[in-house]
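The values are calculated or read from the model by the stated rules, or taken from the named source; none is laboratory data. Note that this is a predicted model, so its numbers are computed, not measured. Glycine also receives a Cβ, built like all others from the backbone with ideal geometry; neighbour counts cover every protein chain displayed. Surface areas here come from the heavy atoms of the whole protein model, side chains and all, with no ligands, DNA or RNA. Shrake-Rupley method; radii C 1.70, N 1.55, O 1.52, S 1.80 Å.
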Amino acid sequence: MRIERIEQFHIRMPLKHHFETSFSRVTDMDKIILAVYADGLVGYGESPVDLDPYYSYETIETAWHVQRDFLISTLLGAEVEHATEIPWLLRRVRGHQMAKAGLEAAIWDLEGKAAGVPVSKILGGTRDQIASGVSIGVQDTIAELLEQISDYLAEGYVRIKIKIKPGWDANIVDVVRQQFPDTPLMVDANSAYSLADAPMLKALDKYNLLMIEQPLAYDDILEHAELQRMLATRICLDESIHAVSRAREALALGSCRVINIKPARVGGLTHARTIHTLCEEAGIPVWCGGMLESGVGRAHNVALASLPNFSLPGDISGSDRYWEQDIVEPEFSLNADGTMTVPTGPGIGVRVLRDRLEEVAVQRAEYRPA
Ligand code: OSB
Ligand code: MG
């Protein structure tokens, strides 16, 4: 297929409930949606960048710029047979993984639509349903946190992740565990600690957590290996794994026993699948993380999570956990057993609501070959 036209949308949707991590609190979600046109079809992808460079160095503005001035100009007019060719086509631009991933995702959708096959199947997915967990931010009070946990468990979520930060960590886990002794529970520190905090992290061993996500620096591999040797609880890496090479390093050094794969963080679904398989060969389970994506990014995440080594519940929650109305139909929703069904239609398998997309867009641009 020949890429004829590309659109960018900066969308903003108010969150039902603020989301606080160790690095920020957000009340709206801002993301970039890409529409790529070829052979009379349109494919959609999402770059789940934030307004600020706190989770990653990429922001809405850097991704918009790198896409507009470098990536989109490379893709327009290009003949592409498979989405797996995209990382190679875009290799001249270093880093900017999320900017690249949104474009690659749109081409995965296009490839699926052209072939009449779901993206999950092209990727090699084997599951019809994926297990759904929920990631709960830092709250103003412990009572609010406990209430949110009970509400999400009542809805059917099969795994609870709570965000921790200095002052909201072992004390909070202790209260949560008293109230929910058997719930599959984990914590995510988003790089809030250093090796000097090893005693507090070691003290978490007694709470039977599924794992501790990204306790140390956002780009660290070495100190996590040292910390993992000190802990009984598994370490899961998120931020540190921003490329296939970083996964190889972490596996070689024993920096973690689980990896959270976010396709956008590693440069797209092609690289995400490679990491999935490297981990499988190393006996390391993976799960699919989230970046508060709209239904477009969520659809790609669900497709990826249908691969066999995604054996732990991920952060892929129902659309209604985030906002009043999504930009796709049907919305992603939880089944009674805490699973989410992998769409079976061509491409991402959900329809993008064009009117809704335009309604939530705060900026848009369109590009054609020069
Ligand atoms: O660290 O996993 C994270 C959201 C934004 C940035 C980083 C993270 C998260 C989440 C939310 O934990 C997961 C989701 O529900 O999308
Ligand atoms: Mg995380």
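By accessible area, using a 1.4 Å probe on protein heavy atoms only, region 121-341 has 52% of its surface on carbon and sulfur. Within the same chain, lysines fewer than 8 places from Lys262 are excluded, and of the rest, those with a Cα less than 26 Å from its Cα are Lys16, Lys31, Lys100, Lys113, Lys121, Lys161, Lys163, Lys165. What's the angle, to the nearest 10 degrees (0 to 90), between helix 244-253's Cα axis and the longest principal axis of the chain? Between helix and principal axis, roughly 20 degrees.
Electrostatic bookkeeping for Thr84 treats Lys and Arg as +1 and Asp and Glu as -1; over the other residues with beta carbon under 12 Å from its beta carbon, the sum is -3.
The calculated FRET efficiency for Ile142 paired with Glu85, based on their beta-carbon distance and R0 = 56 Å, is about 0.65.
Rg and Dmax of region 152-269, both derived from C-alpha coordinates alone, stand at 14.2, 41 Å.
For the Cα trace of region 121-341, dividing Rg by the Kirkwood Rh returns an Rg/Rh value of 0.95. Counting only Cβ charges, +1 for Lys and Arg and -1 for Asp and Glu, the dipole size of the chain around its Cα centre is about 760 debye. Placing one equal scatterer on every Cα of region 95-193 and applying the Debye formula, the log10 ratio I(q)/I(0) at q = 0.12, 0.13, 0.15, 0.22 Å⁻¹ is -0.61, -0.68, -0.78, -1.04.
For the chain, leaving out every one of the GluC sites (Glu not before Pro) that falls in a DSSP loop and has at most 10 other Cβ atoms within 10 Å, the longest unbroken run is 82-323.
Over region 208-249, the ratio between the Cα radius of gyration and 2.2 N^0.38 Å evaluates to 1.11. Remark: the Cα gyration tensor places region 260-370 in the oblate category, a/c being 1.5 or greater and a/b not exceeding b/c. Angle of helix 295-305 to the longest C-alpha principal axis of the chain, folded into 0 to 90 degrees and rounded to 10: 70°.
If you take all other residues with their beta carbon under 9 Å from the beta carbon of Asp219, and give Lys and Arg +1 and Asp and Glu -1, the sum is -1. Computed over neighbours whose Cβ is under 11 Å from that of His300, the net charge equals -2, Lys and Arg +1, Asp and Glu -1. Size estimate for region 245-307 follows the Kirkwood approach: the inverse of mean 1/r over distinct Cα pairs works out to 11.9 Å. Ligands, DNA and RNA are left out, and with a 1.4 angstrom probe the accessible area of the chain is 38 Å² per residue. Note on the chain: semi-axes of the ellipsoid equivalent to its C-alpha gyration tensor, largest first and rounded to whole Å, are 33, 22, 19. DSSP assigns beta bridges within region 121-341; of those with both partners inside it, close to 20 percent run antiparallel.
The angle separating the long axis of helix 142-155 from the principal Cα axis of greatest extent in the chain is about 60 degrees. May I ask you to list the residues of region 12-55 whose amide nitrogen lies under 16 Å from a point 7 Å from Cα along the Cα→beta-carbon direction of Glu358? Residues passing the 16 Å test: 35.
Of the trypsin sites (Lys or Arg not before Pro) found in region 168-253, not one falls in a DSSP loop while having at most 10 other beta-carbon atoms within 10 Å. Dividing the convex hull volume of the alpha-carbon atoms in region 147-188 by its residue count gives 66 Å³ per residue. Gyration tensor over the Cα atoms of region 18-89: the corresponding equivalent ellipsoid has semi-axes (square roots of 5 times the eigenvalues, largest first) of 29, 13, 11 Å.
Computed with every protein chain present, the accessible area of Arg368 is close to 150 Å² [probe 1.4 Å]. To the nearest 0.05, how large is the calculated FRET efficiency for Arg2 and Glu226 if R₀ is 51 Å and r is the Cβ-Cβ distance? E between Arg2 and Glu226, to the nearest 0.05, is 0.50.
Note on Val175 and Arg94: the extension gain reaches 24.7 nm, defined as 0.36 nm multiplied by sequence separation minus the Cα-Cα distance. With the simple model of a label 7 Å out from the Cα in the direction of the Cβ, Ser333 to Tyr54 spans 3.3 nm.
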